[in-house]
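First the structure, in the form of C-alpha cells, and then the observations on it.
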Amino acid sequence: MKKNQKKTRSREFIQKNQGKYQNKKAPINRKQQWKPGNMIYPVPAVMVSVADKAGNDNIITVAWTGTVCTNPPMAYISVRPERYSYHMIKETGEFVINLTTKDLTFALDYCGVKSGRDIDKFDFLKLTRQKALKVAVPMIGESPINIECRVTQSWSLLGSKADAGNLWLQCEEVMTGSFSFCENVWIEKNIFIDSQTVVKVINICIIVEYF
C-alpha cells in the first residue's frame, strides 16, 4: 500500500470514529489509589557482564534498564554502589547487556542473589565468555542478544520517603544510573531476517513488581 493511500484511510477512520470518543469520561470509581510507584511494568530482566582493568569479570542481574534514545542508540542501567560490579563499571566505563530467555532463568536468578566477591559466576553456571568487539568485557555466549555499551554519563540519586511526589527519586539509598552508547549488537542468526526485523519469539525474561 502506498503512503498516500495509508494517509487517506487513516483520515477516513478518524473522521468516522471521532464522535465515539468525544465528551466521554471514565468513572473515577473504577480506580483505586495506591502508594507512589512508577508502575512501568513489565521490564526486561537482563544479565549485565562487567570487568575491571585487571581482567576480573562478573555478572549482575539488572531489571532497571531500558532505552534512552534510538539515534544515537543509547541505553541505561541502574546499579547500587554496594554491588560488587559497581566499581568495575566505574573503573572501565564499559559493560554488556545480555538479554535472557527461559533457558537462562536459573542463571538470571542466581546472578541476582549471589555476589561476585564470593564466586566466579561464569564458571559456576558454566556460561561461555565470548569476546566482544568494541568493549573489553566478555559477553555471555548463551544469551541470544548482546549489547556492548560504553558509559557516556552517570549520576547518583538520593531519595527518601519525603520525596513521594518525585517518583524518579523514590528510593531509600543512593542509586547510580548510567547513560551509555550502544556500541555494538550481536543477535543469533536464527532469530532475525535483517538488521531491522526480529522474527522469532525468543521468550525474553521480564519482571513485574511493585514496592
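The values are calculated or read from the model by the stated rules, or taken from the named source; none is laboratory data. Please read these numbers as outputs of a predicted model, since none were measured by experiment. When we count neighbours, we look across all protein chains shown, and the Cβ atoms used for this are built from the backbone with ideal geometry, even at glycine. These area figures cover heavy atoms from the full protein model, side chains too; ligands, DNA and RNA do not enter into them. Shrake-Rupley method; radii C 1.70, N 1.55, O 1.52, S 1.80 Å.
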**Fill in**
Exception for R83 within (1) part of a loop (DSSP other than H, G, I, E, B); (2) open to solvent by less than 60 Å² (accessible area, probe 1.4 Å) falls at (2)
**Request:** Could you please tell me which pairs satisfy a Cβ distance under 7 Å, a separation of 6+ or placement on different chains, a first residue in segment 44-73 that is more than 16 Å from K131 (Cα to Cα), and a second residue that is among the charged types (D, E, K, R) and open to solvent by 10 Å² or more (accessible area, probe 1.4 Å)?
**Result:** I60/R83
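Quick check on segment 50-58. Is at least one of its residues outside any loop (DSSP other than H, G, I, E, B) and out of contact with any helix residue (DSSP H, G or I) (no Cβ under 8 Å at 6 or more places or on another chain)? Outline the logic, then answer.
Within segment 50-58, the subset outside any loop (DSSP other than H, G, I, E, B) is 50-51, 57-58.
Going one step further and asking which of them are out of contact with any helix residue (DSSP H, G or I) (no Cβ under 8 Å at 6 or more places or on another chain), we end up with none.
No.
Can you find even one residue in segment 127-137 that is at pLDDT below 70 and touching a Lys or Arg at 6+ places or on another chain (Cβ under 8 Å)? If you could, list the steps in order and put the result at the bottom.
As a first pass, look at segment 127-137 and keep what is at pLDDT below 70: none.
No.
Considering only residues that are surrounded by 15 or more Cβ atoms within 10 Å (Cβ to Cβ) and under 18 Å from L157 (Cα atoms), which ones fall in segment 65-74?
Here is the first cut: in segment 65-74, the ones surrounded by 15 or more Cβ atoms within 10 Å (Cβ to Cβ) are 65, 68, 73-74.
T65, V68 - these are the residues of segment 65-74 that are surrounded by 15 or more Cβ atoms within 10 Å (Cβ to Cβ) and under 18 Å from L157 (Cα atoms).
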**Prompt:** Any residue at all in segment 1-15 that is in contact with a helix residue (DSSP H, G or I) (Cβ under 7 Å, 6 or more places away or on another chain), surrounded by 10 or more Cβ atoms within 10 Å (Cβ to Cβ), farther than 26 Å from P144 by Cβ and at pLDDT below 80?
**Reply:** no
